[in-house]
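Asks: Submitted below is the structure of interest, expressed as structure tokens.
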């Protein structure tokens, strides 16, 4: 499956910058409509290390109303969580009516990292497939929209990104020994991912494989998928697309100002202490 994905798909930065304001505004309008109509949603982000999950989520939520969504970055279960059924901690994080919940990694860690790193016996990760499908079916039957993404890059591209991050003094902390260890097991993770996608694909919780070599293309595809799915769920209750050109332009100008500010702050932080000027 994944070997047939065209990882050469791309979108230019200039085209992406033109499209982003309208995509963000549309998602904001849909978030508001889902809140009003009590339509809950779950967005799941899985994928390779350095594939861009965090930056994609950051762009996705940048213009959303923080009162309408929650973000959970899933880590290994704590001691007290291990004493309960393994999906218990995720049940505690399902959305309220009308709320959007975003998972940066999720319950799929049980059939990926825990499987490949042999943290649990085979009987447990095998049975987890059934648990996951049942869990998602219950959420869907209760009216929750489920959208699952797997951000896909090649082993060569992952190595390239790790090396680029390590070359940057401000970013090298993001690459750990564990990241490199998982990189060496890329083929094992690939096999586990293929089985995961096959056994947990469903009409009520479909997977979307995102070609993430081009981060601009990947982000647009994520936006397009979420927007299309929420529009279909809302049906006639979906808000119209009557966004004025002036509004889109204002969004674009605001984003340009924010990018410029972030760039200036990064340059200032990178300067040696003696060259930053005296107070």
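Asks: Using mean Cβ contacts within 10 Å as the protection proxy, how do 96-104, 144-152 order, highest first?
Replies: Put in order of decreasing packing, that is 144-152, 96-104.
Asks: Continuing with the same structure: Across bins of 5 angstrom width beginning at 0, how are the C-alpha pair distances of region 24-75 distributed, in whole percent?
Replies: All Cα pairs considered, the percentages come to 4, 17, 28, 24, 15, 9, 3, 0.
Asks: If you don't mind, another one. Working from the alpha-carbon coordinates of region 81-235, get Rg over Rh, Rh being the Kirkwood radius.
Replies: On the Cα set of region 81-235, Rg over Rh gives 0.98.
Asks: Multiply the residue gap between residue 134 and residue 7 by 0.36 nm, knock off their C-alpha separation, and tell me the result in nm, one decimal place.
Replies: Here the segment from residue 134 to residue 7 would lengthen by 42.5 nm.
Asks: Right, next: If you take the Cα Rg of region 64-110 and divide it by 2.2 N^0.38 Å, with N the number of residues, what do you get?
Replies: The value comes to 1.25.
Asks: Once you have the Kirkwood Rh of region 187-231 from its Cα pairs, apply Stokes-Einstein at 4 °C and 1.567 mPa s and quote D in µm²/s.
Replies: 107
Asks: What list do you get for 225, 213 if you sort them by fewest beta carbons within 10 Å?
Replies: So the residues, fewest neighbours to most, are 225, 213.
Asks: Cα-based Rg (one decimal) and Dmax (whole number) for region 1-97, in Å?
Replies: Cα-based Rg and Dmax for region 1-97 come out at 17.1, 50 Å.
Asks: Let me know the volume per residue of the alpha-carbon convex hull for the chain, in Å³.
Replies: Value for the chain: 171 Å³ per residue.
Asks: Can you give the direction-averaged projected area of the convex hull of the alpha-carbon atoms in region 118-203, in nm²?
Replies: In nm², the orientation-averaged hull projection of region 118-203 is 7.5.
Asks: Also: Relative contact order of the chain: what whole-number percent is it, with Cα pairs under 8 angstrom and at least 6 residues apart?
Replies: Relative contact order comes out at 32 percent.
Asks: Between residue 176 and residue 84, what is 0.36 nm times their sequence separation minus the Cα-Cα distance? Round to one decimal in nm.
Replies: Fully extending the segment from residue 176 to residue 84 adds 30.1 nm.
Asks: Something else about it: Starting with the highest mean, order 160-170, 41-51 by the number of other Cβ atoms within 10 Å, averaged over the residues of each peptide.
Replies: Descending mean neighbour count gives 41-51, 160-170.
Asks: Moving to a separate point now. Sort the following peptides by mean Cβ neighbour count (other Cβ atoms within 10 Å, averaged over residues), highest first: 202-212, 68-78.
Replies: Listed from highest to lowest mean packing, they are 202-212, 68-78.
Asks: Also: At 222 nm, what helix-only mean residue ellipticity would the chain give, in deg cm²/dmol to the nearest 500, using -39500 (n - 2.57) for each DSSP H run of four or more?
Replies: Per the formula, -17000 deg cm²/dmol.
Here, each number is a calculation from the coordinates, and none is a lab measurement. What you see is a predicted model, and the numbers here were worked out from it, not measured in a lab. Don't worry about glycine lacking a Cβ; one is built from the backbone with ideal geometry, like all the others, and counts go over all protein chains shown.
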